[in-house]
Amino acid sequence: MPKGLLIVFTGNGKGKTTAALGMAVRAAGHGLKVCFIQFIKGGWHYGELDAVKRFEDLIDLHVMGKGFTWKSDNIEEDARLAREAWDFASTAIASGKYHTVVLDEFTYLLHYNMLEIEPCLDVLAARNPNQHVVITGRYAPEPLIAAADLVTEMQMIKHPLKSGIKAQKGIEF
Ligand code: ATP
Ligand code: MG
């Protein structure tokens, strides 16, 4: 019997977001619909955003928090933005339209207590039983790991930044 999986890519090593993108492309290759939601936007222009647009008939891409990062000097505002972003994601999950929903960098909203975890887990548990959800980001909280079917921890063994090699186009962004 097929079963929608809750998949978590966490840990300090590189490869979480790119693993989720690989899964999105794999599903799209079968003509299956994917919703890819990126939660925290850094200053970089990530190449994958443009690449994914080429699959726009199959991969719906949404960047939450465009133009800002989550600022710690205004916790109330952060929490409000986090709730808005989560409302958007839960609507996508509950729509039942997607084979896979990716919540990229979502763990931070839970780790920094911008969202309560229990209501989030309730939404995940209530989804279509065949729908897969992929969550990425460091510091996946224990209750999320407990609820997941598949958890991979990327472990940093070496990273070029540690030898002074700066982030490069096509590799880091
Ligand atoms: P990627 O997007 O390359 O799959 P990631 O999603 O696993 O990486 P994040 O924690 O989201 O990694 O961090 C994003 C950026 O930080 C990437 O450019 C990545 O190369 C870089 N990075 C990841 N792990 C490390 C590390 N251990 N030290 C320094 N930089 C890192
Ligand atoms: Mg990432």
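The values are calculated or read from the model by the stated rules, or taken from the named source; none is laboratory data. Please read all numbers here as calculations on a predicted model, not as lab measurements. Neighbour counts are summed over all protein chains in view; Cβ atoms, including those assigned to glycine, are modelled from backbone coordinates with ideal geometry. What goes into the accessible areas is simple: the full protein's heavy atoms, side chains included, and nothing from ligands, DNA or RNA. Shrake-Rupley method; radii C 1.70, N 1.55, O 1.52, S 1.80 Å.
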*Could you list, in sequence order, all residues of segment 107-118 that are open to solvent by 60 Å² or more (accessible area, probe 1.4 Å) and either in a helix (DSSP H, G or I) or of a type outside the set (Phe, Trp, Tyr) (or both)?*
HIS111, ASN113, GLU116, GLU118
*asked:* I'd like to know if segment 136-153 contains one or more residues that are assigned to a loop (DSSP other than H, G, I, E, B) and of a type in the set (S, T, N, Q).
replied: no
*Under 6 Å by Cβ, and 6 or more places apart or on different chains, what pairs join a residue from segment 149-168 that is open to solvent by less than 100 Å² (accessible area, probe 1.4 Å) with one that is of a type outside the set (Lys, Arg) and more than 9 Å from ligand 1 (Cβ to nearest atom)?*
ASP149/LEU5; ASP149/LEU6; LEU150/LEU5; LEU150/ILE7; VAL151/VAL8; VAL151/ILE145
*Going through segment 111-143 one residue at a time, which ones are at pLDDT below 95 and either within 16 Å of ligand 1 (Cβ to nearest atom) or closer than 15 Å to GLY4 by Cα (or both)?*
HIS111, TYR112
_Which pairs turn up if I take residues in segment 13-30 that are touching a residue at least 40 places away in the same chain (Cβ under 8 Å) and look for partners that are of a type in the set (Phe, Trp, Tyr) and within 13 Å of ligand 2 (Cβ to nearest atom) with beta carbon separation below 6 Å, at least 6 apart in sequence or on another chain?_
LYS16/PHE9; ALA19/PHE9; ALA24/PHE36
*Residue list for segment 8-41, restricted to those being more than 14 Å from ligand 2 (Cβ to nearest atom) and either open to solvent by 30 Å² or more (accessible area, probe 1.4 Å) or under 23 Å from ALA125 (Cβ atoms) (or both)*: VAL25, ARG26, ALA27, GLY29, HIS30, GLY31, LEU32, LYS33, VAL34, CYS35
